[in-house]
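Colleague: Have a look at the structure that comes next, please.
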């Protein structure tokens, strides 16, 4: 199938052939019939992507600071590699469409194949022939609404949410500054709400259109103050909706000037926000921001998991705004089609963007793409990219998952190692598959993991998905006799660990991404150790907010399972034994912005009499180096600072090793996996992997019970 994609790095824009998305349990697959090109939002994205690197940096000084801070910690080379990989990630365009349901997820009810639906949401309702859309980001289209009108559903919901924030009352006088797509819809919605409306813009055609759409008054922006005074009989308007798109601060100044005492000003568009305090203070104006489509936006529990808000407590969610907007169309109170200026066949979509970029000199407002291709889903699960011949004597990889870490760390280091053949890549979206497949020259791309496991050319699988999928994919690899490298953790539940252990037969290599044991500095430390060993491992981990997926127990497992496993494995490698028991306690604090478990002290006892402590803290200062290890054994002491400095104290002498860039062992890790596949000897024994994984579960048990746990 085809999807409209833009490179964030180069600005390249085009229709690309990508594999169709997989239908997940909390949503449906939709065959697109009409999609709306949001002139304001998409022009902004396209323009930004086409800027030079310097211009991008000037636009986002906050991100530049993050890069500089990262350079100080990890080194210039490592940081720049990650930055350029991030920039090289392609982005999908589009966020509003109408289409037909062609597949239904297992957790869905009340929706059937063949239903007409209107869908919204960046990253979901894309300009693509087929889209996966979660349940709360779509609604059925009423019989009295056609696909073209329904395709305006997202911008309609944005305008509707802006009007809701304004809290208009019957008979109030409201000004709309900016008469683009959102402004024109806001005018219609305010009139449907029984308000008197004055609009302003710099474009005479938009001013005239607003009058046709029902505005009581419309004028040039330069006349707004005078006209508003007349319109409000000298009192000032009750409310102002700023729907303009400009870097200028003038709309904010004008809004204060035309408002009455204690009026309301709602920011709907992208404008300068240098608030003139005195003007707003003297009138005691109420400033409000309108967040996109409504409550639920940016909440993964609502948008991704499909968990709705209680109807009686949150009356107007983004989905219910979708429904309300379509209802107003059906009643004839809103006419989106009247705002339409251009229609293009989807195969000619690039003409729409030529229009946005000014390559076609025509005025525009509403732009739609119409899809006339019949799609057979089964024919679009795999996209063959090359005809390269795969040699059987190499490590032939199938990659499942291609997130930021995979693209910035795993794939670049696999390339540096060499000797790997990249055969197939499976990702959750066609956009990611296309970008990764193209950059790393995979033979084919897919969104169906079965297309990786059943491929006879592939002898090894790398799994880098969200943590919740690790266990099932590892078991599939074992069942299909594929060697398997899975990024940590191995699994997120103890029952999954036991199931993997039962399935593991030793015929295939199973290696978890415990890279630190392969770091040159850790290897050097290991070479000096013998007998009973004591390790102190301090980690200044930094904050991961509670709404990030790794903190979700059902998806990421939390940081002890998802990250502390790294440090357990490193201690076990240095000590050369397995953990026998564990005791852990966490900081208990009133501030619950991060889980208590993210600040934890862990004591590990080993079968050979050694011991290790892991002090893992999330709430420290980010400027402090992340990892610090002290090791003591038989007259030798060592300290390692963030994989950039190692000092070895040996019987009165010391040796210092420094590195300009961090080396956490990624290259050596993939060298080791390659060697393991070739000779059949695992680089990390399954027994050690099992012990480390089980220890993470026992840490959680120890925190809950406040007792020592046997591993």
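Yes/no per residue for (1) in contact (Cβ under 8 Å) with a residue 60 or more places away in the chain; (2) outside any loop (DSSP other than H, G, I, E, B):
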position: 308; (1), (2): yes, no
position: 312; (1), (2): no, no
position: 316; (1), (2): yes, no
position: 320; (1), (2): no, yes
position: 325; (1), (2): yes, yes
position: 329; (1), (2): yes, yes
position: 332; (1), (2): no, no
position: 351; (1), (2): no, yes
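Colleague: Could you tell me how many of the residues in the stretch 681-695 are part of a loop (DSSP other than H, G, I, E, B) and closer than 15 Å to residue 487 by Cα?
Modeller: Summing the residues that are part of a loop (DSSP other than H, G, I, E, B) and closer than 15 Å to residue 487 by Cα in the stretch 681-695 gives 2.
Colleague: Within the stretch 146-157, how many residues are over 22 Å from the mean Cα position of the chain (by Cα) and surrounded by 24 or more Cβ atoms within 10 Å (Cβ to Cβ)?
Modeller: Result for the stretch 146-157: 7.
Colleague: Buried (at least 20 other Cβ atoms within 10 Å of the Cβ) and more than 31 Å from the chain's Cα centre (by Cα), is that true of residue 629? So that I can check it myself, show each step before the final result.
Modeller: Numbers: buried (at least 20 other Cβ atoms within 10 Å of the Cβ): yes; more than 31 Å from the chain's Cα centre (by Cα): yes.
It is true that residue 629 is buried (at least 20 other Cβ atoms within 10 Å of the Cβ) and more than 31 Å from the chain's Cα centre (by Cα).
Colleague: Before we move on, is residue 670 buried (at least 20 other Cβ atoms within 10 Å of the Cβ) and farther than 22 Å from residue 492 by Cβ?
Modeller: Taking the combined requirement at face value, the residue satisfies it.
Colleague: Mind checking whether some residue in the stretch 21-43 is under 20 Å from the mean Cα position of the chain (by Cα), part of a helix (DSSP H, G or I) and either under 24 Å from residue 436 (Cα atoms) or modelled with pLDDT under 60 (or both)?
Modeller: Yes, some residue in the stretch 21-43 is under 20 Å from the mean Cα position of the chain (by Cα), part of a helix (DSSP H, G or I) and either under 24 Å from residue 436 (Cα atoms) or modelled with pLDDT under 60 (or both).
Colleague: Has the stretch 523-533 got at least one residue that is out of contact with any strand residue (DSSP E or B) (no Cβ under 6 Å at 6 or more places or on another chain), crowded, with 19+ Cβ neighbours inside 10 Å and in contact (Cβ under 8 Å) with a residue 40 or more places away in the chain?
Modeller: Within the stretch 523-533, none of the residues are out of contact with any strand residue (DSSP E or B) (no Cβ under 6 Å at 6 or more places or on another chain), crowded, with 19+ Cβ neighbours inside 10 Å and in contact (Cβ under 8 Å) with a residue 40 or more places away in the chain.
Colleague: Taking the stretch 275-304 only, how many residues are in a loop (DSSP other than H, G, I, E, B) and under 22 Å from residue 158 (Cα atoms)?
Modeller: The qualifying residues number 11.
Colleague: Can you tell me how many residues in the stretch 162-193 are part of a loop (DSSP other than H, G, I, E, B), within 20 Å of residue 233 (Cβ to Cβ) and in contact with a strand residue (DSSP E or B) (Cβ under 9 Å, 6 or more places away or on another chain)?
Modeller: Of all residues in the stretch 162-193, those part of a loop (DSSP other than H, G, I, E, B) come to 167-172, 178-180, 193.
Those still in the list that are within 20 Å of residue 233 (Cβ to Cβ) too: 168-172.
If we keep only those that are in contact with a strand residue (DSSP E or B) (Cβ under 9 Å, 6 or more places away or on another chain) too, we end up with 168-169, 171-172.
Going through the stretch 162-193 one residue at a time, the tally reaches 4.
Colleague: Could you count how many residues in the stretch 334-347 are in a loop (DSSP other than H, G, I, E, B) and touching a strand residue (DSSP E or B) at 6+ places or on another chain (Cβ under 9 Å)?
Modeller: Qualifying residue count, the stretch 334-347: 0.
Colleague: Out of the residues in the stretch 254-277 that are surrounded by fewer than 20 Cβ atoms within 10 Å (Cβ to Cβ) and modelled with pLDDT under 95, state the one that is farthest from residue 177 (Cα to Cα).
Modeller: Selected residue: 277.
Colleague: When you go through 666, 673, 643 one by one, which is the residue that is closer than 27 Å to residue 397 by Cα and touching a strand residue (DSSP E or B) at 6+ places or on another chain (Cβ under 9 Å)?
Modeller: 673
Colleague: Only residues that are in contact (Cβ under 8 Å) with a residue 60 or more places away in the chain, over 28 Å from the mean Cα position of the chain (by Cα), surrounded by fewer than 20 Cβ atoms within 10 Å (Cβ to Cβ) and more than 13 Å from residue 573 (Cα to Cα): list them for the stretch 595-617, please.
Modeller: 609, 613, 615
Colleague: Within the stretch 608-620, is there a residue that is modelled with pLDDT under 95 and in contact with a strand residue (DSSP E or B) (Cβ under 8 Å, 6 or more places away or on another chain)?
Modeller: Yes, there is a match, as at least one residue in the stretch 608-620 is modelled with pLDDT under 95 and in contact with a strand residue (DSSP E or B) (Cβ under 8 Å, 6 or more places away or on another chain).
Colleague: Name the residue that is farthest from residue 291 (Cα to Cα), counting only residues in the stretch 229-254 that are part of a helix (DSSP H, G or I) and in contact with a strand residue (DSSP E or B) (Cβ under 6 Å, 6 or more places away or on another chain). Don't jump to the end; show me each part of the working.
Modeller: Going through the stretch 229-254, the residues part of a helix (DSSP H, G or I) turn out to be 229-231, 250-254.
Remaining after also requiring in contact with a strand residue (DSSP E or B) (Cβ under 6 Å, 6 or more places away or on another chain): 231, 251.
Details: 231: 29, 251: 19 Å.
Looking at residues that are part of a helix (DSSP H, G or I) and in contact with a strand residue (DSSP E or B) (Cβ under 6 Å, 6 or more places away or on another chain), I get 231.
The values are calculated or read from the model by the stated rules, or taken from the named source; none is laboratory data. Remember, predicted model here, so these are calculated numbers, not experimental data. Quick reminder, even Gly has a Cβ in these numbers, built from the backbone with ideal geometry, and neighbours come from all protein chains shown.
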